[in-house]
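**Student:** Okay, here's the structure, questions in a sec.
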Amino acid sequence: MSTLEIADTTIAGPEDALALAVAQALRGVRGANPLVGAIITAPDGRVLASGYHRGRGTAHAEVEALAGFNGFNESSSTSGFDPADSTLWITLEPCDHTGTTGPCTEAILASGIRTVRYAVADPTGPDGGGAARLRSAGLDVGQVDAEQARRAGAADLNPRWMLARDSGRPFVTAHLAQSLDGRVAAVDGTSQWITGPESRRHAQSVRSRVDAIIVGTGTVLTDDPRLTARDAAGRDLPRQPVPVVQGRRAVPAGAALRGGDSWLHVEDHDPQVVLDRLTAGDNAAGTTVSSAWPHGGTRPGHVLIEGGPTVLSAWMGAGLVDELFLYQAPLILGSGLAGLDLPQHTTLSHALHLTLDAAENGAISRLGDDVLLHYAA
Ligand code: AOF
Ligand code: ZN
C-alpha cells in the first residue's frame, strides 16, 4: 500500500513533507468528508509511513499512517528506534471526536509520537480540534506556516467542504444519469434504463454514504422510487438515508418512499428553504423525520440530490451543489427531457463552470458501457 510507495523518500523540510501528505490526500474520494493525507518522518527526514482518508466511514488519514508506523516501530524495536523522535505531518488538524471513527488524538497519543505538524485547522468537532488536547498531553504540536502550506497545496485541498462547513449547511452531492445528448427521458416519458447496471450500482453506493436523498414531487409521481440504499445483491442496507420530497404537489399516501421509518416533505421549490428545514431540526409541517440523523447529530451532514431536472436545476442554479456524479450513457435519444434546464442562462458568460475532481479515485471512470465523470461543482 501507500507506505511502501513512498518509503525511501526523504523530505527536505516542512513544505516538502506537506506536499507528500497532499499527494496522499488526493488519492481519496471527495465527498462529505475532507480529503486528508498524513506522513510520518524520522529525524533524518526519511518517510516511515503514510496514509490517506478514503471517504466517509473509513479510517482517518493519520490512523492509517499510524498503523503503518506501528508496524515499522515493532519491527525495529530492537534497533533502539524511538517513536518519540518521529514527526507526524497531516494536511488537517487531527480530530478529537468520535464520529464514524475514533478520535485521532487517542491514536496519536498511543503511538508514542511527540511531534505533530498540520496545515489546516479543523475546529468542527464538538469539543473543537485535537491540537489543544495533544498540547495539554505535552506533545509539540504546531500549524505549519500558512504560506508553506499554501505552496504545498494543503491550504485549498477542500474548498467545497470548508464552504459547507463554514456556512453550517450539509455537503451537497448530485447525481445526473443521462444520454450523450444530455437527456434523462424520451418524449413519451420512458427512462428506465438509460444508464447500465454498473452505473446504477455506483449510484446506490453513493446513496449509502448520505444522510438524506432529495427528489421532487414530479419524480415521486412518475417513478415512485423507494430511495433506499441497497447492497450489490439489492438488499436494503441497515443504515438508510431519509427521503426528502421537495415541491408543492401532494405526496400520495401509497408512495414507496413513505415505506421507511421517516421521510420529509418540504412544500417549497426553493433549495434554500429545503436546507433551512433540514438544518433547523424542525419537523413541524406535515410529516416526520427522525431528529437523530443516520450519522448522528441533529442535522444531516451530507445530502444527495437525485432529481428530477427541475430539482437538480434549482440546486445547481442556486450554486448549492458541491459535487456532481455524471453518468453518461452511450445513447442518443434525439429528443426528450433535458437533465438540466436553466432557461435564465442565455449567453456563454452565464455558464456554470465545474472542475473535474483532482482526486485520484473516480474523476473519470468507465462503468460498463457508461462513463462516470466526477466533478467539483
Ligand atoms: C482527521 N483525519 O483523515 C479526517 C478528519 O465521520 P468521521 O468520524 O469520519 O468524522 C468526520 C470529520 O472528521 C470531518 O468532518 C472532519 O472534521 C474530520 N476529518 N479528521 O483527524 C482525517 N478525514
Ligand atoms: Zn480523525
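The values are calculated or read from the model by the stated rules, or taken from the named source; none is laboratory data. Just so you know, these numbers come straight off a predicted model, no measurement behind them. FYI the Cβ positions are ideal-geometry reconstructions off the backbone, even for glycines, and counts take in every protein chain you see.
**Student:** Consider region 71-126. How many of its residues are hydroxyl-bearing (Ser, Thr, Tyr) and within 16 Å of ligand 2 (Cβ to nearest atom)?
**Tutor:** Total meeting the criteria: 8.
**Student:** Just the residues that are within 11 Å of ligand 1 (Cβ to nearest atom) and in a loop (DSSP other than H, G, I, E, B), please, taken from region 127-153.
**Tutor:** Once the filter is applied, which keeps residues that are within 11 Å of ligand 1 (Cβ to nearest atom) and in a loop (DSSP other than H, G, I, E, B), region 127-153 yields GLY128, GLY129, GLY130.
**Student:** Report whether or not ARG165 is within 16 Å of the chain's Cα centre (by Cα) and surrounded by fewer than 21 Cβ atoms within 10 Å (Cβ to Cβ).
**Tutor:** yes
**Student:** Here is a follow-up. Are there any pairs, at least 6 apart or on different chains, whose C-beta atoms fall under 7 Å, with the first in region 354-371 and in contact (Cβ under 8 Å) with a residue 40 or more places away in the chain and the second of a type in the set (Asp, Glu), and if so, which?
**Tutor:** Cβ pairs passing all conditions: LEU367/GLU198; GLY368/GLU198; ASP370/GLU198.
**Student:** Mind telling me which of the residues THR58, THR9 ends up being within 17 Å of the chain's Cα centre (by Cα) and either surrounded by fewer than 19 Cβ atoms within 10 Å (Cβ to Cβ) or among the acidic types (Asp, Glu) (or both)?
**Tutor:** Every option except THR58 fails the conditions.
**Student:** If SER335 passes every condition in (1) within 15 Å of ARG160 (Cα to Cα); (2) hydroxyl-bearing (Ser, Thr, Tyr); (3) at pLDDT 95 or above but one, which one does it miss?
**Tutor:** Single failed check for SER335: (1).
**Student:** State which residue is nearest to ligand 1 (Cβ to nearest atom) when the search covers only region 117-126 and only residues that are in a strand (DSSP E or B) and surrounded by fewer than 24 Cβ atoms within 10 Å (Cβ to Cβ).
**Tutor:** That would be VAL120.
**Student:** Here's a follow-up. May I ask you to say which residue of PRO43, PRO14 is touching a Lys or Arg at 6+ places or on another chain (Cβ under 7 Å) and surrounded by fewer than 24 Cβ atoms within 10 Å (Cβ to Cβ)?
**Tutor:** Exactly one residue qualifies, and that residue is PRO14.
**Student:** Does region 86-95 include one or more residues that are closer than 23 Å to ARG30 by Cα, crowded, with 17+ Cβ neighbours inside 10 Å and among the β-branched types (Val, Ile, Thr)?
**Tutor:** Yes.
**Student:** Oh, and also: Which numbered condition in (1) modelled with pLDDT of 95 or more; (2) surrounded by 17 or more Cβ atoms within 10 Å (Cβ to Cβ); (3) farther than 12 Å from LEU176 by Cα is the only one that LEU326 fails?
**Tutor:** With (1) modelled with pLDDT of 95 or more; (2) surrounded by 17 or more Cβ atoms within 10 Å (Cβ to Cβ); (3) farther than 12 Å from LEU176 by Cα applied to LEU326, the lone miss is (3).
**Student:** I would also like to ask the following. Quick check: is even one residue across region 145-155 away from ligand 2 (no atom under 16 Å from the Cβ), buried (at least 18 other Cβ atoms within 10 Å of the Cβ), at pLDDT below 95 and more than 20 Å from GLY45 (Cβ to Cβ)?
**Tutor:** Taking every residue of region 145-155 in turn, at least one turns out to be away from ligand 2 (no atom under 16 Å from the Cβ), buried (at least 18 other Cβ atoms within 10 Å of the Cβ), at pLDDT below 95 and more than 20 Å from GLY45 (Cβ to Cβ).
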